[in-house]
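Worksheet for the structure shown next.
The values are calculated or read from the model by the stated rules, or taken from the named source; none is laboratory data. Computed from a prediction, not measured in an experiment: that's the story for all the values here. Cβ atoms come from the backbone with ideal geometry, glycine included; neighbour counts cover every protein chain shown. The area values use the complete protein model at the heavy-atom level, side chains included, leaving out ligands, DNA and RNA. Shrake-Rupley method; radii C 1.70, N 1.55, O 1.52, S 1.80 Å.
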Amino acid sequence: MPVSKSASANQTRAFEDEWRVGVSSAAAVGCDIRNTVGNIPMEWYKDYPHIGYDLDGKKIFKPIRNKDELDEFLDKMENPDYWRTVQDKMTGADIRLSDEQVDLVHRLQEGKFGDVNFNEYEPAIDFFSNEVMIHPVTNRPQDKRSFIPSLIEKEKASSAVLVGKLVHAIKMGWIKPRRPKETTPQYYDLWAKEDPNSILGRHKMHIPAPKMRLPGHEESYNPPPEYLLSEEERLAWEQQDPEDRKLSFLPHKFACLRAVPAYSRFIHERFERCLDLYLCPRQRKMRVNVNPEDLIPKLPKPKDLQPFPTTQSLVYRGHSSLIRSISVSPSGQWLVSEQ
């Protein structure tokens, strides 16, 4: 249910009045305010003007905090005791720590004992010494369970028997122990994409490298005559830039495969292939399936374009060609046209 601003202001004013009455009564009595709510989350009282109850069952009201960030900063700069002032969550009041309390906090932060007078290196008292005493330290009679076989020892004996049976079964070959995992390195094809079970095939965002173009007839050692370049074509090929050439090599014809020499551009092409795989970025293009009919704008319906002429009521005859302009008299009786 929404609450108006006047109602919320009246409720806040009532809380402030109740707080002033409670604080004045506590100050008049002069008693020590102790919160008796116990170990509970104090966030339960964040919507109430009080923070708990004292020993008499009276409400402990929260102190009014109307300081903004600027006031807090000025208080931090001007108040010399700001660094030793803490807020008590049980009462909501600001408490200034004494020198003894600050020293206690420092000792606890350093991992020392809270008591300054405590000596952690005192000599230990040897209660059970090697000297034979007249009276025993303890004369408690032995328990009944000390005369009964222990259940833990029984379990140890049964486990020892079970281990012996397992060892015998392994020696006889009835039980085969697990083989240790192979630590040999596993190698895989870096560009394998046809196999969906491969390591790279399981990565969704992996973009495989494009494969090289398969060799054609012009790369054969005995190509057909139409793939061989003439003298004019060879001169034109040599004058072109390497980027503009259709082929990166000149087709040659050899009598047999034994006469084919080593390819001079083999290392260069392998190096360019490695550069393409290493430096050329690959991008996944998302294709959008669009129906061509959806791209054509829909024509409006004829009934939505009305009013427009639908009936021929008057025809002016006398012109045989295109009319370029027309002028109507103010009375609407005469028309002047121009061909």
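Quick notes
- Alpha carbon centroid spacing (whole Å) that separates region 203-249 from region 102-133: 89 Å
- Per principal axis, descending, Cα span of region 107-159 in whole Å: 53, 40, 17
- Heavy-atom accessible area with a 1.4 Å probe sorts Ile207, Ile64, largest first, into Ile64, Ile207.
- Potential extension, Ser220-Glu120 segment - 0.36 nm per residue separation minus Cα distance: 26.7 nm
- Amide hydrogen neighbours beyond the local backbone of Phe61, cut-off 5 Å, H modeled: Ile51
- With DNA, RNA and ligands ignored, accessible area of Glu238 (1.4 Å probe; Å², nearest 10): 90 Å²
- Among Val102, Val116, the order of accessible area from largest down is Val116, Val102, computed with a 1.4 Å probe on protein heavy atoms.
- Extension gain, Leu295 to Leu74: 0.36 nm times the residue separation minus the Cα-Cα distance gives 72.9 nm.
- Surface exposure of region 45-117, expressed per residue as accessible area with a 1.4 Å probe, stands at 80 Å².
- A probe of 1.4 angstrom, applied to the heavy atoms of all protein chains, finds His106 with accessible area near 90 square angstrom.
- Comparing region 62-136 with the 2.2 N^0.38 Å rule of thumb, its C-alpha radius of gyration ratio is 2.08 (two decimals).
- Mean projected area of the convex hull spanned by the Cα atoms of region 198-291, taken over all viewing directions: 11.3 nm².
- Amide N of region 256-282 lying under 20 Å from the label point, which is placed 7 angstrom from the Cα of Tyr187 along Cα→Cβ: 274
- Cross-link reach list, lysines versus Lys154, counting only Cα pairs under 27 Å and skipping chain neighbours closer than eight places: Lys144, Lys165, Lys171
- A dipole drawn for region 285-332 from +1 and -1 charges on Cβ atoms has a positive end, and of Val288, Val328, Leu299 the residue lying farthest that way is Val288.
- Accessible area of Val86 in the full protein assembly, 1.4 Å probe (Å², nearest 10): 60 Å²
- Three principal axis extents of region 238-316 based on alpha-carbon atoms, in descending order, are 94, 37, 26 Å.
- Heavy-atom SASA rank of Leu108, Leu229 (probe 1.4 Å, accessible area, largest first): Leu108, Leu229
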